[in-house]
1. Please verify whether G68 is within 13 Å of the ligand (Cβ to nearest atom) and at positive phi, treating the condition exactly as stated.
2. Out of the residues in segment 76-88 that are open to solvent by 50 Å² or more (accessible area, probe 1.4 Å) and more than 9 Å from the ligand (Cβ to nearest atom), which is farthest from K40 (Cα to Cα)?
3. Picking from Y154, Y180, which residue would you name as being open to solvent by less than 30 Å² (accessible area, probe 1.4 Å) and either at pLDDT 95 or above or among the polar types (S, T, N, Q) (or both)?
4. Kindly establish whether L46 is within 10 Å of the ligand (Cβ to nearest atom) and either of a type in the set (K, R) or touching a residue at least 60 places away in the same chain (Cβ under 8 Å) (or both).
5. Which condition breaks for L133 when tested against (1) closer than 19 Å to A190 by Cβ; (2) out of contact with any His (no Cβ under 7 Å at 6 or more places or on another chain); (3) open to solvent by less than 60 Å² (accessible area, probe 1.4 Å)?
6. Being more than 10 Å from the ligand (Cβ to nearest atom) and on the phi > 0 side of the Ramachandran plot, is that true of even one residue in segment 167-179?
7. Within the set of pairs 6 or more residues apart or between chains, which connect a residue that is modelled with pLDDT under 90 inside segment 121-134 to a residue that is among the charged types (D, E, K, R) with Cβ atoms less than 6 Å apart?
8. Quick one: which residue in S91, S118 is out of contact with any Leu (no Cβ under 7 Å at 6 or more places or on another chain) and either open to solvent by less than 40 Å² (accessible area, probe 1.4 Å) or free of Cβ contacts under 8 Å to residues at least 60 places away in the same chain (or both)?
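The values are calculated or read from the model by the stated rules, or taken from the named source; none is laboratory data. Please read all numbers here as calculations on a predicted model, not as lab measurements. Here the Cβ is made from the backbone with ideal geometry for all residues, glycine too, and neighbour counts use every protein chain on show. Quick note on the areas: whole protein, heavy atoms, side chains included, nothing else; ligands and nucleic acids left out. Shrake-Rupley method; radii C 1.70, N 1.55, O 1.52, S 1.80 Å.
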Amino acid sequence: MHTDSLNVVYFDKDTSFDCLYPRRIQNLSGMHWTPLEIAKKSSEYLSAPNSKVLDIGSGVGKFCITAGFFEPETLFYGVEQRRDLFNLAESVKNTLDLPNVKFIHNNITALDFELFDSFYFFNSFYENIKPDLGIDNKIETNAELYSYYTNYVYQQLDQRPSGTRLVTYHGSVKQIPKSYKLVDNTHHYALKMWMRE
Ligand SMILES: C[S@@+](CC[C@H](N)C(=O)[O-])C[C@H]1O[C@@H](n2cnc3c(N)ncnc32)[C@H](O)[C@@H]1O
């Protein structure tokens, strides 16, 4: 952790962190952004010195920024399809000065998972089957996209080597390849830690 940092005040509770964003984004936090406690526990499991962690659908960057703050020796990458959320993630990352956090504006299907060592996945494709619970109406959502994205992530994860770590927060176990073994299941079965066999 960056213990000497004045920024520690933002990581004591979720409302403190969420204040870094506009009101509209704060209001989405309970449903769409990873709570600090979950990000901290997940990043402890995913981290190793100089390793690269990918957040699959990084939103406004709450997972990557929290993880990057508490695990300064690990590199956290977030890929986000919505330009405005990507811009906010960049802005807060720069405010907090976290050189081990990087954001990419793109669709997940543009990324080769071979570039990363471990993965975090917070049910990012759910808005395609429940659009009423989505972030906004700015992107196309439909059941075909849910299958397409889910299948892409499934195939990419399945191709990773033995020992690859994955954390899922909410979502269905059907999205995870059988080659991954469940090693921890907490927070009312919402937070799952997996390892590729
Ligand atoms: C539930 S939010 C989680 C945000 C972040 N991981 C966190 O925990 O704070 C899921 C995010 O995934 C993004 N997303 C959904 N489908 C995507 C895709 N195909 N490519 C890139 N981003 C995607 C959404 O725009 C949304 O911001």
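1. On the way: within 13 Å of the ligand (Cβ to nearest atom): yes; at positive phi: no.
Against the criterion (within 13 Å of the ligand (Cβ to nearest atom) and at positive phi), G68 does not qualify.
2. Within segment 76-88, the subset open to solvent by 50 Å² or more (accessible area, probe 1.4 Å) is 81, 83, 87.
After this cut, where a residue has to be more than 9 Å from the ligand (Cβ to nearest atom) as well, the list is 83, 87.
Details: R83: 26, N87: 23 Å.
Among those that are open to solvent by 50 Å² or more (accessible area, probe 1.4 Å) and more than 9 Å from the ligand (Cβ to nearest atom), it is R83.
3. Working: Y154 fails: open to solvent by less than 30 Å² (accessible area, probe 1.4 Å).
Matching residue, one of Y154, Y180: Y180.
4. Considered against the rule, which asks whether it is within 10 Å of the ligand (Cβ to nearest atom) and either of a type in the set (K, R) or touching a residue at least 60 places away in the same chain (Cβ under 8 Å) (or both), L46 comes out as no.
5. Looking at each condition in turn, L133 falls short on (3).
6. Of segment 167-179, the ones more than 10 Å from the ligand (Cβ to nearest atom) are 167-168, 172-179.
Cutting the leftovers down to on the phi > 0 side of the Ramachandran plot gives us none.
Scanning segment 167-179 turns up no residue that is more than 10 Å from the ligand (Cβ to nearest atom) and on the phi > 0 side of the Ramachandran plot.
7. G134/E127
8. On the way: S118 fails: out of contact with any Leu (no Cβ under 7 Å at 6 or more places or on another chain).
Within the list S91, S118, the selection yields S91.
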